[in-house]
Amino acid sequence: MEINAPYEINKKGHLVFDGCDVVGLANEYGTPLYVVSESEIRKRCKRIKECFMHKYTDTQALYASKAMSNVAIYRIISDEGLGIDVVSGGELYTAIKAGFPAEKIYFHGNNKTQDEIKLGLDNNIGCFVIDNDYEIDLIQKTAFESGKKVKALLRIAPGVSVNTHEYVCTGQIDSKFGFSIKDNTALIAVKKVLESHNINFAGIHCHLGSQIYSREAYYEAVMIMISLLGQIKQEYGIEAEELNVGGGFAVFDYERDKYVDIADFIETIMDTVEEQCSIRKIKRPRVLIEPGRWIVGESGITIYTVGAVKEIKGIRKYVSIDGGMTDNPRYALYNALYKGIAANKAAEKCTEVVTIAGKCCESGDILIKDLNTPALEPGDILAVLGTGAYNYSMSSNYNRLTKPAMLMTNKGEVRVIMRREDYEDLLRYEQI
Ligand SMILES: Cc1ncc(COP(=O)(O)O)c(C=O)c1O
């Protein structure tokens, strides 16, 4: 089953997103503008519950909140009954302020500071995911000082490479993340945690990367992780409570017209877990997944106004918009592919191929390389689709551009969840 994001074209020939005329939103709230659909996010959470949490006992999905972290999204995720993963004090603080249930928060990251660990401890979060030896020591010391015993998973680098951009591959041996499966490193780390009196070893975690299409990668990872659980039982006589296999489930790839339903990945994961646990005679642990992009990626769009149009005859036509790598650095970072639609000309035929450029002083500030579109002119409204994940959360003020506002839509209803930054915001931290 394919989950299609909520797009239509209305009688005016305008693009409609989640029941809202995109041109109308641009006129009323200005551009650039992030728009996120609450109904789409909820639909996706429900799908995850249907094919994972309700289908298999003892399972839990965590929203990987690095994809988009703000109070509004944490409240929706909490309401839908999912947990979250956070990777910094800032994400944790935002979640706590949003009233997110602390016991459903997993704290990731490869270099947690003592202050961040303390923030987690003070708020009684559910679990720390320990990334390296230094963190075992620091979490043990900080928990001891706080007089607490914390639940922890160990992050493992299972040595599984996936076919995605190298900057979003994380499960290979040569990675900054996790204890390597090689040379017994992971097994030795488990022993160290078992000997740490203020840490309660709960199980293991891995995360292979992002925008993964291969079910085989998850199969391979689960095989390796269950084999490690078998070794842990054999060596230390304990059965782990939890196995967390991370996120990375790909969203629709417009360019290649490629899609794999999340239910298919989950089926592969769960079938392999059940089979391998039975073969190795170990108790089937609680299984967790951590989708980020799959929940919010296609639930968001960004709206821009077209400005300068420049044609270099026989070479390329550049169409510049009023945002760019500051609100969406993903093309500049790893050539991420996006689809754009001229929102005020959504019913018109595409007649040209153009490059959509941002307004920053960087040649790499491009959003879409070869976009098929009706002719674009200054004042046209361009919607870039599928920008809900890793856009707002990766945004910056480079060139002192102010960050866009963010709207949340729900079947035609609109609310501002983040106001537009203004120039005064840029001076807020300066000691003038
Ligand atoms: C530990 C961990 N879990 C989950 C995710 C979510 O990945 P995605 O948004 O591709 O599902 C990430 C993303 O980098 C991650 O680092």
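Taken together, the values in this text are just the output of simple stated rules run on the coordinates, not laboratory data. Note that the coordinates shown come from a computational prediction; the quantities given were computed from them, not determined experimentally. Cβ placement follows ideal geometry from the backbone for every residue including glycine, while neighbour counts extend to all protein chains displayed.
The packing ranking of peptides 293-300, 350-357, 74-81, highest mean first, is 293-300, 74-81, 350-357, where packing means the average number of other beta carbon atoms within 10 angstrom of each residue. I'd like to know which of Tyr218, Val251, Asn123 lies farthest towards the positive end of the charge dipole of the range 108-291, counting +1 on Cβ of Lys and Arg and -1 on Cβ of Asp and Glu. Of the listed residues, the answer is Asn123.
Hey, what D do you get for the range 24-98 in µm²/s if you plug the Kirkwood alpha-carbon radius into Stokes-Einstein at 10 °C and 1.306 mPa s? Spell out each step's value before the answer.
Values: Rh = 13.8 Å.
Answer, rounded: 115 µm²/s.
Shape annotation for the range 48-206: C-alpha extents along the principal axes are 43, 42, 32 Å, from largest to smallest. Note on the range 277-403: dipole from Cβ charges, positive end direction compared against Ala332, Tyr318, Leu371; the farthest Cα belongs to Ala332.
For the chain, the pair-distance distribution built from all alpha carbon pairs, in bins 20 Å wide starting at 0, is 25, 53, 20, 1 percent. If you take the Cα centroid of the range 253-312 and the Cα centroid of the range 1-61, the two points sit 16 Å apart. The stretch between Gln114 and Val309, if pulled fully straight at 0.36 nm per residue, gains 65.2 nm over its current Cα-Cα span. Remark: the range 355-365, residue by residue, has Karplus-estimated 3J(HN,Hα) of 10, 8, 10, x, 9, 7, 7, 8, 5, x, 7 Hz, where x stands for each Gly or Pro and the curve is 6.51 cos²θ - 1.76 cosθ + 1.60 at θ = phi - 60°.
Please identify every one of the trypsin sites (Lys or Arg not before Pro) in the range 203-290 that sits in a loop by DSSP and has no more than 15 other beta carbons within 10 Å of its own beta carbon.
Numbers: sites: Arg215, Lys233, Arg256, Lys258, Arg280, Lys281, Lys283, Arg286; in loops: Arg256, Lys281, Lys283.
When the trypsin sites (Lys or Arg not before Pro) of the range 203-290 are filtered for loop state and at most 15 Cβ neighbours within 10 Å, Arg256, Lys281, Lys283 remain.
For the range 261-403, what class follows from the C-alpha gyration tensor (a ≥ b ≥ c being the square roots of its eigenvalues): rounded when a/c is under 1.5, otherwise prolate if a/b is larger than b/c, else oblate? Intermediate values should be presented prior to the final figure.
Working: a/c = 3.13, a/b = 2.36, b/c = 1.33.
Because a/c hits 1.5 or more and a/b exceeds b/c, the range 261-403 counts as prolate.
Residue-normalised convex hull volume from the C-alpha trace of the range 108-291: 115 Å³ per residue.
In this simple spin-label approximation, Ser161 and Arg420 carry label points 7 Å from Cα along the Cα→Cβ vector, and these lie 4.7 nm apart. Annotation: peptides 422-429, 377-384, 127-134, ranked by per-residue average of other Cβ atoms within 10 Å with the highest first, follow the order 127-134, 377-384, 422-429.
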